[in-house]
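The values are calculated or read from the model by the stated rules, or taken from the named source; none is laboratory data. Please read these numbers as outputs of a predicted model, since none were measured by experiment. In this analysis, Cβ positions are derived from the backbone assuming ideal geometry, glycine residues included, and neighbour counts consider all displayed protein chains. Ligands, DNA and RNA are stripped out before the accessible areas are found, and what is left, the full protein with its side chains, is counted by its heavy atoms. Shrake-Rupley method; radii C 1.70, N 1.55, O 1.52, S 1.80 Å.
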Amino acid sequence: MCAENVSEVRVRLVQSACLLGTAALLAGCGGKKTAAPATTGPTSPATTSPAATGGRTTSSAGALQAEANSAATGDIPDNQVFLTFRDATAGYSMKYPEGWAQRGTGAHLTFRDKNNIVRVVVLKRTPATVAAIRRELAALKGAHVQSGPQRLTISGAPAFKVVYTTQSAPNPVTGKRVTLLVDRYYLGHASKEAIVDLGTPVGVDNVDAYRLMIESFKWR
């Protein structure tokens, strides 16, 4: 009986040791966890601290882009009727062609008739300088600057004008691209600045209509 009891005890001790060894092995494996890749949301536009840009945050107004699939756009007719858009929150008013599609809010607003595009972006930041505008234009993806910054006056207030071009993606059927000629204006007022882009396909004459629109811009 004693011999049998001793044998049984030895067997139980061996079994216990095996179980403990297995548990330790599993615990060791479980402790070496591989970190799951971090999930990221949509990439935000890069920004620069105001101190690095003379008190200005980087522009959130990207270059205008034509749509290759959009139907051809003709000149704005001489008898075009214009309406006045007003936004108390953004603090400005401006004329726009009746019948054009309107999208967005006063702080980020677009009027569009096929590839005739007018966009207003209002930012809270210090007024523009030539150096600051040049830095922003250098970072403007897809834009090819033709001229500017040019100093001028809009509605009695100082402003800057830049001219740039962009190209649309190729048309999936014809492979052709639409080149957009854009007049960009920087209009400052107190701690706000409006960036107004007026784009038209190359070969379309909207000079008079666009001049009327930008000269109608007024801060409230």
Margin query: Pairs needed: first member in segment 144-171, on the phi > 0 side of the Ramachandran plot; second member anywhere, assigned to a strand (DSSP E or B) and open to solvent by 70 Å² or more (accessible area, probe 1.4 Å); C-beta distance under 9 Å; at least 6 residues apart or different chains.
Written below: 155/218
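What's the total number of residues in segment 160-176 that are within 15 Å of residue 196 (Cβ to Cβ) and modelled with pLDDT under 95?
0
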Check: With respect to the numbered conditions (1) modelled with pLDDT of 95 or more; (2) outside any strand (DSSP E or B), which one is the sole condition not fulfilled by residue 137?
Finding: (1)
Note to self: What's the total number of residues in segment 108-119 that are closer than 17 Å to residue 184 by Cβ and part of a loop (DSSP other than H, G, I, E, B)?
What the structure shows: 1
Notebook entry, point to check: Among the residues of segment 97-107, which ones are assigned to a strand (DSSP E or B) and open to solvent by 10 Å² or more (accessible area, probe 1.4 Å)?
Noted result: 101, 102, 103, 104, 105
Checklist line | Every residue from segment 68-99 that is touching a strand residue (DSSP E or B) at 6+ places or on another chain (Cβ under 6 Å) and acidic (Asp, Glu) | finding: 98
Item checked: Residue tally, condition open to solvent by 10 Å² or more (accessible area, probe 1.4 Å) and not in a strand (DSSP E or B), over segment 191-209 -> 8
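Quick one: is residue 145 in a strand (DSSP E or B), of a type in the set (Val, Ile, Thr), surrounded by fewer than 21 Cβ atoms within 10 Å (Cβ to Cβ) and touching a Phe, Trp or Tyr at 6+ places or on another chain (Cβ under 8 Å)?
Numbers: in a strand (DSSP E or B): yes; of a type in the set (Val, Ile, Thr): yes; surrounded by fewer than 21 Cβ atoms within 10 Å (Cβ to Cβ): yes; touching a Phe, Trp or Tyr at 6+ places or on another chain (Cβ under 8 Å): yes.
Spelling it out, residue 145 is indeed in a strand (DSSP E or B), of a type in the set (Val, Ile, Thr), surrounded by fewer than 21 Cβ atoms within 10 Å (Cβ to Cβ) and touching a Phe, Trp or Tyr at 6+ places or on another chain (Cβ under 8 Å).
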Item checked: Whichever residue in segment 79-96 is within 21 Å of residue 199 (Cα to Cα) and without any contact (Cβ under 8 Å) to a residue 24 or more places away in the chain and, among such residues, is surrounded by the most Cβ atoms within 10 Å (Cβ to Cβ) -> 83
